[in-house]
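Working notes, beginning with the structure itself.
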Amino acid sequence: MGSIKVAILGFGTVGSGVYELIEAQQERLIQLTGRRVEVVAVLVEDVSRQRDVRPDVLVTDDFEDILRLPELDVVFEAIVGVEPGFTHLKKAIESGVQVVTANKELFAHKGIELRELAEECDVQVGFEATVAGGVPIIGALTQLLRMNRIVKVEAILNGTSNYMLTKMREEQMTIDEALSEAQALGYAEADPTNDIEGFDALFKVVILSELLTEVKVDWNQVRCSGISNLTSGDINHASTRGERIKHVGRLLIDEEGQVEAEVRPVSVDEAHKLYSIEGVDNGVVVTADLVGELVFQGPGAGKYPTASVMIEDLVLISKSIKKTAVSR
Ligand code: HSE
């Protein structure tokens, strides 16, 4: 049996993490999927830059080169922004190629459309990495909590801002110092505006809402603010009350499926489940009618946690690949 052939779109922190993990974890991948996983191409913006990839990997800035590859099975997408990722993924799906994405902005805007298209084309879309980094919350909600009706989700969904708030409180760092560290550690976006203004967490709340209700979110109805206006004074003031400021995304879903959503800094006391979620960790508190309250916690950003869940998606999807590989 041939290998599973994959292409990686975007070769920044996450894309290169996917490449490295695939190269390093062949044995486990063969055990799990029954085949070798072979990165055959990467899509980059600047082909003149030296990339640390095997010499037989096609490095191109033209997605059409990738689509033309014979027997391409999976596309991993780790580009920033809605375009060009959306157009690439649409074309991949229409060509019968499975897709795995980490692109929150794209999935928040176009997730329902892509999932519908994928269903029509009998292709799988993995998007675990779009929400909460390495925490497998999408899988938990879609595969493990099907009998339960989810009534509330309260979550820290941006690793960068949680890391910054933790450092500002524990080490009295300024907001700029804390951001510089988060950037150096590969947690922040290349342009960190979406991290600190709350939009990155908003994208994730939208993805969760659409996943749970299958209804497109009216973005105008979602209040969104980030941590950029918080001062050390605000953080210290919360500490004197025994509280911590956390950047929280909240979803309330009523019995008719009506959703109330917001994203904003909240001062929480020690009794709150999100109080102890610190550093780059994300925390997702899910309240469901049968099981009650569940808490998921883990690294919300970073190269390998994010790449790891993308590869988990690949393993799940690999069962569909055999079918597709024959019919293409
Ligand atoms: N910049 C994002 C964060 C990366 O800090 O959460 C993971 O989506």
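Filter the trypsin sites (Lys or Arg not before Pro) in the range 197-299 down to the DSSP loop ones having no more than 11 other Cβ atoms within 10 Å, then list what survives.
Here the trypsin sites (Lys or Arg not before Pro) that fit, given the DSSP loop and packing criteria, are Arg241.
Report the trypsin sites (Lys or Arg not before Pro) located in the range 14-112 that are in a DSSP loop and have at most 12 other Cβ atoms inside 10 Å of their Cβ, or state none.
Arg49, Arg68
Rounded to the nearest 500 deg cm²/dmol, what is the calculated helix-only ellipticity per residue at 222 nm for the chain, with -39500 (n - 2.57) per DSSP H run of length n ≥ 4?
Theoretical 222 nm ellipticity from helices: -12000 deg cm²/dmol.
So for the chain, taking the charge dipole from beta-carbon charges (+1 Lys/Arg, -1 Asp/Glu), which of Ser239, Pro192, Val285 sits furthest toward the positive end?
The residue sitting most towards the positive pole is Val285.
Over the chain, what relative contact order in percent results from Cα pairs under 8 Å that are six or more residues apart?
This gives 22 percent for the chain.
Give the value in nm², to one decimal: projected area of the alpha carbon convex hull of the range 1-70, averaged over all directions.
Computing the convex hull of the Cα atoms and averaging its projections yields 4.9 nm².
Run the simple label-point estimate for Glu20 and Glu214 please: 7 Å along Cα→C-beta, distance reported in nm.
Modelled inter-label distance: 4.0 nm.
In nm, what is the difference between 0.36 nm times the number of residues separating Asp122 and Val291 and their Cα-Cα distance?
57.6 nm
Compute, for the chain, the length of the dipole vector about the Cα centre, with Cβ point charges of +1 (Lys, Arg) and -1 (Asp, Glu) only. Units Debye, rounded to 20.
The dipole of the chain has a size of about 780 debye.
Using the eigenvalues of the Cα gyration tensor, what equivalent ellipsoid semi-axes result for the range 227-328 when each is taken as the square root of five times the eigenvalue, whole Å, largest first?
Values for the range 227-328, descending: 36, 20, 13 Å.
Solvent-accessible area per residue for the chain at a 1.4 Å probe radius, Å²?
Values: 14840 Å² over 328 residues.
Ligands and nucleic acids excluded, the figure is 45 Å² per residue.
For the range 66-205, report the % of Cα-Cα distances exceeding 28 Å.
When all Cα pairs of the range 66-205 are counted, 29 percent exceed 28 Å.
If you take the Cα Rg of the chain and divide it by 2.2 N^0.38 Å, with N the number of residues, what do you get?
1.01
For the range 244-289, what does the relative contact order come out to in percent, with C-alpha contacts under 8 Å and a separation of six or more?
32 percent.
Please give me, ordered by residue number, the GluC sites (Glu not before Pro) of the range 29-88 that lie in loop per DSSP and have at most 16 other Cβ atoms within 10 Å.
Working: sites: Glu38, Glu45, Glu64, Glu71, Glu77; in loops: Glu45, Glu71.
Those satisfying the criteria are Glu45, Glu71.
Between helix 13-24 and the chain, what is the angle of the helix's C-alpha long axis to the longest principal axis, kept within 0 to 90° and rounded to the nearest 10?
Helix 13-24 sits at roughly 50 degrees to that axis.
Using the crude model of +1 on Lys and Arg Cβ and -1 on Asp and Glu Cβ, and no other charge, please compute the dipole size for the range 1-129 relative to its Cα centre, in debye to 20.
I would put it at about 280 debye.
How many percent of the accessible area of the chain is carbon or sulfur, using a 1.4 Å probe?
Solvent-exposed carbon and sulfur of the chain make up 49 percent of the total.
Label-point separation (nm) for Arg54 and Leu32, each offset 7 Å from Cα along Cα-to-Cβ?
The modelled label-to-label distance comes out at 1.9 nm.
The values are calculated or read from the model by the stated rules, or taken from the named source; none is laboratory data. Note that this is a predicted model, so its numbers are computed, not measured. Using ideal geometry, Cβ is built from the backbone for each residue, glycine included, and neighbour counts are taken over all protein chains shown. Note: accessible area is taken over every heavy atom of the protein model, side chains too, but ligands, DNA and RNA are not part of it. Shrake-Rupley method; radii C 1.70, N 1.55, O 1.52, S 1.80 Å.
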